[in-house]
Amino acid sequence: MSPQPQAAVGAPLSRVDGRLKVTGKAQYAAEFDVDGAVHAVIVDASIGRGRITGIDTGAAEAQPGVLRVIHHGNAPKLPYRDNAGSNNPPGRRQRVFQDDRVLFHGQPVAVVVATTLEAAQHGASLVKVEYDTEQPSTDLHDGERDKPTNYARGDAEAGLRGAPVRLDLTYQLARNHHNPMEPHATIARWDGNKLTVWDKTQWVVGTHDELAAVFGLPAESVRVINPFVGGGFGSGLRCWPHSVVAALAARETKRPVKLVLSRKQMYFGTGFRPSYEYRLRLGSDRRGRLTAAIHDIDAETSSYETFTEAVMGAGQMLYSMPNVSQAYRTVPLDVNTPIWMRGPGFASASFVIESAMDELAHKLGVDPIELRLRNEPNEDESSNLPFSTRRLRECYTVGAREFGWQRRNPRPRSRREGDWLIGLGMAAGVYDPGRYPAQARARLDADGTAVVEAATSDMGPGTYTSQTQVAADALGLTMRTVTFRLGDSLYPPTSPHGGSATMASVGTAVHDACNQVRQQAIKLAVEDRESPLYGVKADDVVVRGGRLHVQGNPTRGETYRTLLARNNRTHLEAGGSYTGPPSPERHSYHAYNATFAEVAVDATLGLVRVRRMLGVYDAGRIISPKLADSQAIGGIVGGIGTALLEHTATDHRDGRIVNANLADYLVPVNADVPDVRAIYLDGEDNDGNALGVKGLGEVVQVGVAAAIGNAVFNATGRRIRELPITAEALL
Ligand code: MOS
């Protein structure tokens, strides 16, 4: 088949929805005008654990505008059918207003529905709840450990005992919250037994299935709409209780209901990156060849669901070594359930592993890049599969050159500018990108324009734009003549918009659907006696700018419009799909990076200022370089947050999150992010997706915190094994 010209893919295009966004015309979940909508405000539990003994709703109900107060005492029993899908972790999910138990501080205990937002808010403040209070357990260090998930190869204990060089390091990683700009919100409307929700979600299909399960509805009775997401980072990867509350409130009041979580409620109404205690013992020979690693990993989860993430992967395959053992234990606490947050699992593990590698390099007097090169594996030692592509060596080389690594003095505290100690650090990053089944539909109309649809989301990476690029090239159309639609459960189903999976998965389905439509048109033309392409081999026809022509002979051809009009076709249409990675897997398929940081640390005050950062990415083919830059920069900014600022703090006396707001939970601002650069290695990875992509959105945050921590060590000689790295810790 003649290769289709690639005009849009690889071009640094601006977002097709950019104008809608900057003019405020893009509609987010809470911004839909639904006729007759009233407002709901959740009342949060004010204890960390216990039982509700009484609820007095009299004062709230007496308020003008208040329509109803719903709580466990008057709420109908909901079916809550089992739903192992929709990203519900194993356990028994939080069931809103179904009993008197309080599982964590902030759990919804009632909802006030009123004609105005102000009346609902005031009403919520007037609901009086009495409790039998129990002592909550919210400290990772105190909780009972679950049975571990284990991994082993070789004999790590013996390997460690025999190692001439040994490290035994324990790291504490703070809980992080996603804090997307757009708060989570739901508008719910019932039309008879049919439920429509406008809901902030990264997975319209998952939210659809969960609401059908909770309310016991047939699939066709639920519709989820969500064309825009104002940031997610993982917080929208499952359907949270407030969406059920909104639907329940709408059903009880027979009015459409709008429910927006406050910033504070986002801290316990949605998930978070769990805190970890991670002990790593490393053994190596005197040249730094790793011989053994023992990973003891403890992570928080809730008392009612067991959330786990891919925190074990990096320790098994990033470096070559014969002996590895890992034990990953969840610790059930009286908190709400965690969820994936950018670079999930890998970002946490990489801080530990990459900080430890830096310690080992320092101990041995070996350059940190050289140490990593000495431990570069020839295959994935966890699966014994060859790598599809693994270009970490190039990431190191390019990164070292572009960042000026040779200017780093390996001796800590060797560079000073006035009050500031200057240091350079680096780390490697790896991520296992998702590849999930997806479907898409493409339709070419007689006017020569096309519409492509899939039930995915766009939380910010630019899915509208990148999928339009893929579709436009496959159809042989310009960007302007293709419309990509997403964010509606009526569109062909896809898996979650997360895990770096969207381009490999949805993109492949879009590519497939559009290729089929193009092939249909070509077939129509070459079999049509009146077409200038009559009799040409289908494989010799390409389409460019909406015009089919013989490859290498642009004059012989005709447009889609002419072809369809002459054949009395209103449209051509096809469904496309992606079925997932090859099974069994033939390759170890991962995205990689090398991340570099330069920091300045105030010698007296301990303040850390990031001066420069560089990420070099081996992420396969880059569909959209301009959008890739915004992903990479965003990931590095997120990593700066994890490294230096972000920490959800809980008062263990009552289980209350004490910094549930953006004044006290610190995220990086412009002044924290002076100079960030991203470089992508050219090339493709063709392991099971025709687009050659590996996925970029998660790996960009992996390794960032370690690179910064290692730079802080180079600047100060101080090794901080606790995230975030604070000024106090450096004093
Ligand atoms: Mo990403 S943590 O899967 O949104």
Between N553 and V34, the two model label points (7 Å from Cα along the beta-carbon direction) sit apart by a distance in nm of 5.9
Of the candidates S137, T478, I42, the farthest towards the positive dipole end of the chain (Lys/Arg Cβ +1, Asp/Glu Cβ -1, centred on the Cα centre) is T478
Output row, site R286, 7 Å Cα→C-beta label point, backbone N cut-off 13 Å, window segment 156-182, residues 164-165
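What percent does the relative contact order of segment 562-693 come to when contacts are Cα pairs within less than 8 Å and at least six residues apart? Walk me through the numbers before you get to the answer.
Numbers: 155 pairs, mean separation 38.0, N = 132.
Reported as a whole number, the value is 29 percent.
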Loop-resident trypsin sites (Lys or Arg not before Pro) in segment 113-155 with no more than 15 other Cβ atoms inside 10 Å, DSSP not H/G/I/E/B, are R145
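Could you tell me whether segment 542-594 comes out rounded, prolate or oblate from its Cα gyration tensor? Rule is a ≥ b ≥ c as square roots of the eigenvalues, rounded for a/c under 1.5, then prolate if a/b exceeds b/c, otherwise oblate.
Working: a/c = 3.76, a/b = 2.11, b/c = 1.78.
Prolate shape, in that a/c is at least 1.5 and a/b is the bigger ratio.
Which of C395, C514 has the fewest other C-beta atoms within 10 Å, and how do the rest follow up to the most? Before the final figure, lay out each step's value.
On the way: C395 25, C514 28.
Going from sparsest to densest Cβ surroundings: C395, C514.
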Using the Cα gyration tensor of the chain, the equivalent ellipsoid's semi-axes, largest first and to the nearest Å, work out to 41, 39, 22
For segment 624-717, the Debye formula with one identical point scatterer on each Cα and no solvent gives log10 I(q)/I(0) at q = 0.11, 0.17, 0.23 Å⁻¹ as -0.47, -0.88, -1.18
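If you scale each eigenvalue of the Cα gyration tensor by 5 and take the root, what three semi-axes come out for segment 636-681, rounded to whole angstrom and sorted largest first? Provide the component values of the computation, followed by the final result.
Values: eigenvalues 175, 26, 8 Å².
Each semi-axis is the square root of five times an eigenvalue, giving 30, 11, 6 Å.
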Rounded to the nearest Å, the spacing of the alpha-carbon centers of segment 684-700 and segment 215-279 is 30
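Which value, in debye to the nearest 20, gives the size of the charge dipole of segment 1-69 about its Cα centre, when Lys and Arg are +1 and Asp and Glu are -1 at the Cβ?
Numbers: 7 positive and 7 negative charges, 72 e Å.
Roughly 340 debye, rounded to the nearest 20.
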Zone reached by a paramagnetic label modelled 7 Å from E370 Cα along Cα→Cβ, restricted to segment 414-431 with backbone N below 19 Å, covers 414, 424-428
Per residue convex hull volume, Cα only, segment 143-187, in Å³ is 226
The size of the Cβ-based charge dipole (Lys, Arg +1; Asp, Glu -1) of segment 252-380 about the Cα centre, to the nearest 20 debye, is 500
So, with points 7 Å from each Cα along the Cβ direction, the T604-E220 label distance in nm works out to 7.5
Simple spin-label estimate for I679/R529, 7 Å along Cα→Cβ, in nm, reads 6.2
Expected unfolding gain across D540-S2 under the 0.36 nm per residue rule, minus the alpha-carbon gap, is 193.1 nm
FRET efficiency for T115 and L20 from the Cβ-Cβ distance with R0 = 41 Å, rounded to 0.05, comes out at 0.85
Sorted on mean Cβ neighbours within 10 Å (highest first), peptides 495-507, 7-19, 609-621 come out as 495-507, 609-621, 7-19
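Relative contact order for the chain: what is it in percent, counting Cα pairs under 8 Å that are at least 6 residues apart?
17
Give me Y328, Y560, Y80 sorted ascending by neighbouring Cβ count inside 10 Å, so fewest comes first.
On the way: Y328 23, Y560 30, Y80 18.
Least to most surrounded, the residues fall as Y80, Y328, Y560.
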One point scatterer per Cα, no solvent, Debye formula: log10 I(q)/I(0) for segment 536-665 at q = 0.19 Å⁻¹ comes out as -1.17
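By how many nm would the segment from V667 to A11 lengthen if fully extended, with 0.36 nm per residue of separation less the alpha-carbon distance?
Values: separation 656, 0.36 × 656 = 236.16 nm, distance 3.17 nm.
Extra length available between V667 and A11 comes to 233.0 nm.
With only alpha-carbon pairs counted, each pair once and no self-pairs, how large is the Kirkwood hydrodynamic radius of segment 1-129 in angstroms? Could you put the intermediate results ahead of the total?
Details: mean 1/r = 0.0539 Å⁻¹.
Averaging 1/r across every pair of different Cα atoms and inverting gives 18.5 Å.
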Out of Y534, S588, A619 - ranked by how far each Cα lies towards the positive end of the dipole of segment 522-631, with unit charges on the beta-carbon of charged residues - the top one is Y534
With the 8 Å Cα cutoff and a minimum separation of six or more residues, segment 1-136 has a relative contact order in percent of 41
Taking a ≥ b ≥ c as the square roots of the Cα gyration tensor eigenvalues, with a/c under 1.5 meaning rounded and otherwise prolate when a/b beats b/c or oblate if not, segment 232-368 comes out prolate
For K200, the lysines lying under 20 Å Cα to Cα, once residues fewer than eight places off in the same chain are dropped, come out as K21, K25, K258, K264
Hits in segment 123-159: amide N under 15 Å from the 7 Å Cα→Cβ extension of A62, namely 123-128
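Please report T138, T570 as a ranked list, fewest other C-beta atoms within 10 angstrom at the top and most at the bottom.
Details: T138 23, T570 11.
Fewest to most other Cβ atoms nearby, the residues stand as T570, T138.
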Stretched fully, the stretch from D488 through R153 gains (0.36 nm per residue minus C-alpha distance, one decimal, in nm) 116.1 nm
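Where a number appears in this text, it was derived from the coordinates with a stated rule and is not lab data. As the structure is a computational prediction, the values presented were derived from the model and not from experiment. We place every Cβ from the backbone using ideal geometry, glycine too, and count neighbours over all the protein chains shown.
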